[in-house]
Amino acid sequence: MIGVRDDATGTKASGFTDGLPGDASVTTNTATWEYTYDKNGNLTKDWNKLIGGITYNHLNLPVSVGFSQTQGDAPVNYIKYTYTASGTKLKKAAENNVLGTTTNTYYFSNFEYGNDKTLMYIHTGEGRVRYTVGTYVYDYYLKDHLGNTREVFTDEDGNSTPEVVQADNYYPFGMRFGQANTVNIAGKTTQYLYNGKELQEDFNLDWYDYGARFYDPALGRWSVIDNKAEKYMSTSPYTYALNNPILFLDPDGNDVKVSTTQNKDGSTTVTFNVTMGVRNSTSGLSNSFVMNRANSVKSQIESSYSGYNSKTNTHYVTNVTFSKDETKYVLNFVNDVDSDNYWAVGTHTNGHNTSENEMQVLLESKDGGTDANQTEAETTRTGAHEYGHTLSLEHGGVEGSVLPNATTPNLMNQSENTTSTDINTKQLSKAQGNVSTNMANEKAGEQKRENAIEQLNQAGGIY
């Protein structure tokens, strides 16, 4: 994107401001470009925000955001960031060189320190502990299903009557609106808002820091490309949450993952967001035919692995997105399947996987056996069955059916019923636990790598 033209008139209290006159559709004259990028695809200028230059480190994280006084001029004021070698933010310095002032913020885990290095906030799962007048008070956040902070309330005066000190409304992509009609008490507000991420308000930057990337809610775009862009070939690497912020979450700007959210009615929603590569390993079937079958498998997976557990008040939702990536959850269509390997594979397939994270589905048989020319119904059911194995589900499982009239044998019990597409809530709950464990193990592994890099860095090594 090189420009945005906004023909809206009138005073806009918040949101996008079209700060550069002229027709942004002109692509031949670089002087009219409102947005420019470096060779890595990182945004370097945004004249609508008077950003005259951004520099990045080796992780494509901004280390200096420069603000100009007038469009086209060199930057005067700066926001400068300091990180660890692995990208964890340690410090933010807002340098106002016009006024000759610098405001520093220091970060260490859940602790946030002010300009004089006084501990200002301790962030918790429910809100924060806030420093005020020589003591600390508790602030609590009321959040919606996307983790957006909607209200902040506290009992600072100790009269057992909570006081609302901040209220916020959001458009789907995170931009706030109607702020003039909401509560915002100076000195008590929080910057941890959309998705619970910190809003960078210095010099009207208005970006959210997600950790791996910075996000502009007025545009619904990231400032740099996705580190895992190859997983989402059909989507721009600058778009947020696959352009569907109501359905998907992006916890750190790196990937769309499984999410668990608490709803206002007290229920829980567990969402399995699956990225699946499609491979045509047949001899003669067209790619379009295979993709038609792949879309049928997608629909069956989304249907079978969604439901409601009344005992635990938990909703389960599954969404499948196809990409050209062939490293995770590959749906592989084949002519023949070795009976010793079965049709399924997955990270935890209990001993009969042929390749990690892969799901094989038979379309034709070279030997003309009973499985030759598998029907679409058989293909879709097989694909959904094999997806269950990637979630560590074994054959069987009969308790707590999701569907009202489900037969006892279900999708994961081939030998007893070859037509059922039902998955019960006991299996969904087990799958949720398996995925959570895998994510925790993955995070622990990432932390070990970060610790190793940090130790090397402290020892003066090269990283």
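Restricting the search to region 163-174, which residues are β-branched (Val, Ile, Thr) and buried (at least 18 other Cβ atoms within 10 Å of the Cβ)?
Passing the criteria: only Val165.
Kindly list, by first and then second residue, each pair from a residue in region 307-322 that is closer than 17 Å to Gln262 by Cβ and in contact (Cβ under 8 Å) with a residue 12 or more places away in the chain to a residue that is part of a strand (DSSP E or B) and hydrophobic (A, V, I, L, M, F, W, C), limited to pairs with Cβ atoms under 6 Å and residues at least 6 apart or on different chains.
As it stands, the answer is Tyr316/Val270, since those pairs meet every condition given.
Just to be sure before I move on: is Gly52 assigned to a strand (DSSP E or B) and farther than 19 Å from Gly187 by Cβ in the structure I sent?
For Gly52, the condition - assigned to a strand (DSSP E or B) and farther than 19 Å from Gly187 by Cβ - is met.
Kindly provide the set of residues from region 134-162 that are loosely packed, with under 12 Cβ neighbours inside 10 Å and closer than 21 Å to Tyr107 by Cα, ordered by number.
Of region 134-162, the ones loosely packed, with under 12 Cβ neighbours inside 10 Å are 134-135, 157-161.
Matches in region 134-162: Gly134, Thr135.
Failed condition for Lys91, given (1) basic (Lys, Arg); (2) crowded, with 19+ Cβ neighbours inside 10 Å; (3) modelled with pLDDT of 90 or more, with all others met?
Of everything listed in (1) basic (Lys, Arg); (2) crowded, with 19+ Cβ neighbours inside 10 Å; (3) modelled with pLDDT of 90 or more, Lys91 misses just condition (2).
Where residues in region 309-320 are in contact with a helix residue (DSSP H, G or I) (Cβ under 8 Å, 6 or more places away or on another chain) and over 12 Å from Phe272 (Cα atoms), which of them is modelled with the highest pLDDT?
Here the residue is Thr314.
Provide a single number: the residues in region 103-114 that are at pLDDT 90 or above and either crowded, with 16+ Cβ neighbours inside 10 Å or assigned to a loop (DSSP other than H, G, I, E, B) (or both).
Of the residues in region 103-114, 7 are at pLDDT 90 or above and either crowded, with 16+ Cβ neighbours inside 10 Å or assigned to a loop (DSSP other than H, G, I, E, B) (or both).
Of the conditions (1) of a type in the set (A, V, I, L, M); (2) closer than 26 Å to Gly174 by Cα; (3) more than 29 Å from the chain's Cα centre (by Cα); (4) modelled with pLDDT of 85 or more, Val76 fails just one. Which one is it?
Going through the list (1) of a type in the set (A, V, I, L, M); (2) closer than 26 Å to Gly174 by Cα; (3) more than 29 Å from the chain's Cα centre (by Cα); (4) modelled with pLDDT of 85 or more, Val76 breaks only (2).
Filter region 220-249 down to the residues that are among the hydrophobic types (A, V, I, L, M, F, W, C) and within 13 Å of Gly147 (Cβ to Cβ), then identify the one that is modelled with the highest pLDDT. Spell out how you get there, then give the answer.
Here is the first cut: in region 220-249, the residues among the hydrophobic types (A, V, I, L, M, F, W, C) are 222, 224-225, 229, 233, 241-242, 246-249.
With the extra rule that they be within 13 Å of Gly147 (Cβ to Cβ), the set shrinks to 241, 246, 248-249.
Details: Ala241: 80, Ile246: 75, Phe248: 68, Leu249: 68.
Top of the filtered list is Ala241.
Please work out if Asp252 is modelled with pLDDT of 85 or more and either within 13 Å of the chain's Cα centre (by Cα) or closer than 25 Å to Asn60 by Cα (or both).
Judged against the criteria, Asp252 is not a match.
What are the pairs, 6+ residues apart or on separate chains, where a residue within region 286-300 that is in contact (Cβ under 8 Å) with a residue 12 or more places away in the chain has its Cβ under 8 Å from a residue that is part of a helix (DSSP H, G or I) and among the hydrophobic types (A, V, I, L, M, F, W, C)?
Val297/Ala384; Gln300/Ala384
Within region 75-88, can you find the residues that are surrounded by fewer than 18 Cβ atoms within 10 Å (Cβ to Cβ) and touching a Ser or Thr at 6+ places or on another chain (Cβ under 7 Å)?
Matches in region 75-88: Val76, Lys80.
Within region 257-288, how many residues turn out to be assigned to a helix (DSSP H, G or I) and of a type in the set (Gly, Ala, Ser)?
The qualifying residues number 1.
The values are calculated or read from the model by the stated rules, or taken from the named source; none is laboratory data. Because the structure is predicted, anything quoted here is derived from the model rather than measured. Neighbour counts run over all protein chains shown; Cβ positions are idealised from the backbone, glycine included.
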